[in-house]
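Step one of this worksheet: look at the structure below.
The values are calculated or read from the model by the stated rules, or taken from the named source; none is laboratory data. The structure displayed is predicted, hence computed values, not measured ones. Glycine also receives a Cβ, built like all others from the backbone with ideal geometry; neighbour counts cover every protein chain displayed.
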Amino acid sequence: MGLRDSLANRAVDVQISKHPRSPAQVVGYARRLMAGTRSDFDEAWCVVDVDDFDIDAAARSAARSNIQLAVSNPCFEFWLLLHHEECRAALPDYRTVVARLRRYLPAYDKADLDFADYADTVTTAVERAKALGGDHLTNPSTSMWRLVEKIMG
């Protein structure tokens, strides 16, 4: 929401599926939103983590419903970390990523993100994520850059 608000892009609507949700459940939530009274969407994106989930099932479901996925491996916090450092080494889990992120943001709290902590480095994070290449099977990786570029226009 912070990126959308900073760009004053009212064409973007953000809906949050409350945690905990598997990627398949997040895709189901998006599918229901698109099929329901909110069917005025041009496209839908789901932001999901690999963590210990079956991303392939979510990807198949998303493809059937014309929903895009922005997947981070091992977790969303890897995308946030790319705002602060380049990282190409595999990261075993969420805790490892958050420990590195806290070097830059000691008070990091996943429930209370402040876009100001990332605003000046969005372009850098996009470049770093693109340079990693790969897909959600590659650790580390993130396709958040695809969604961010859409929002930025």
**Message:** If the requirement is being without any contact (Cβ under 8 Å) to a residue 60 or more places away in the chain, assigned to a helix (DSSP H, G or I) and over 16 Å from TRP145 (Cβ atoms), which of these qualifies: ALA99, ALA125?
**Reply:** ALA99
**Request:** Find the residue count for the stretch 106-130, including only residues that are more than 11 Å from LEU80 (Cα to Cα), at pLDDT 95 or above and hydrophobic (A, V, I, L, M, F, W, C).
**Result:** 1
**Request:** Among the residues of the stretch 74-85, write down those that are surrounded by fewer than 23 Cβ atoms within 10 Å (Cβ to Cβ), over 10 Å from the mean Cα position of the chain (by Cα) and under 14 Å from TRP145 (Cβ atoms).
**Result:** HIS83
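For the stretch 47-54, does any single residue satisfy the condition of being touching a Ser or Thr at 6+ places or on another chain (Cβ under 6 Å) and among the charged types (D, E, K, R)?
Applying the first criterion (touching a Ser or Thr at 6+ places or on another chain (Cβ under 6 Å)) to the stretch 47-54 yields 49, 53.
So of that shortlist, the ones also among the charged types (D, E, K, R) come out as 49.
So far as the stretch 47-54 goes, yes, one or more of its residues are touching a Ser or Thr at 6+ places or on another chain (Cβ under 6 Å) and among the charged types (D, E, K, R).
Return the total of residues in the stretch 27-42 being surrounded by fewer than 19 Cβ atoms within 10 Å (Cβ to Cβ) and either modelled with pLDDT of 85 or more or in contact with a helix residue (DSSP H, G or I) (Cβ under 8 Å, 6 or more places away or on another chain) (or both). If you could, list the steps in order and put the result at the bottom.
First, pick out the residues of the stretch 27-42 that are surrounded by fewer than 19 Cβ atoms within 10 Å (Cβ to Cβ): 29, 31-42.
Filter once more, so that each one left must be either modelled with pLDDT of 85 or more or in contact with a helix residue (DSSP H, G or I) (Cβ under 8 Å, 6 or more places away or on another chain) (or both): 29, 31-32, 41.
Looking only at that region, the number is 4.
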**Item:** Of the criteria (1) in contact (Cβ under 8 Å) with a residue 60 or more places away in the chain; (2) farther than 24 Å from LYS18 by Cβ; (3) among the aromatic types (Phe, Trp, Tyr), which one TYR104 fails
**Value:** (1)
**Message:** The conditions are (1) modelled with pLDDT of 95 or more; (2) of a type outside the set (Gly, Ala, Ser); (3) surrounded by 12 or more Cβ atoms within 10 Å (Cβ to Cβ), and ARG103 fails exactly one of them. Which is it?
**Reply:** (3)
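Only one residue in LEU101, LEU81, LEU147 is of a type in the set (A, V, I, L, M) and closer than 23 Å to ALA30 by Cα, so which one is that? Even if it seems obvious, please write down each step before you answer.
Details: LEU101 fails: closer than 23 Å to ALA30 by Cα; LEU81 fails: closer than 23 Å to ALA30 by Cα.
One residue alone meets the criteria, LEU147.
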**Request:** Identify, from the list SER65, SER72, SER22, the residue that is of a type in the set (Ser, Thr, Tyr), in contact with an Asp or Glu (Cβ under 6 Å, 6 or more places away or on another chain) and modelled with pLDDT of 85 or more.
**Result:** SER72
**Message:** Just to be sure I understand, how many residues within the stretch 55-69 are in a helix (DSSP H, G or I) and either surrounded by 21 or more Cβ atoms within 10 Å (Cβ to Cβ) or among the small types (Gly, Ala, Ser) (or both)?
**Reply:** 7
**Request:** Scan the stretch 72-81 and give yes if some residue there is among the acidic types (Asp, Glu), in a loop (DSSP other than H, G, I, E, B), under 19 Å from ASN139 (Cα atoms) and without any contact (Cβ under 8 Å) to a residue 40 or more places away in the chain, otherwise no.
**Result:** no
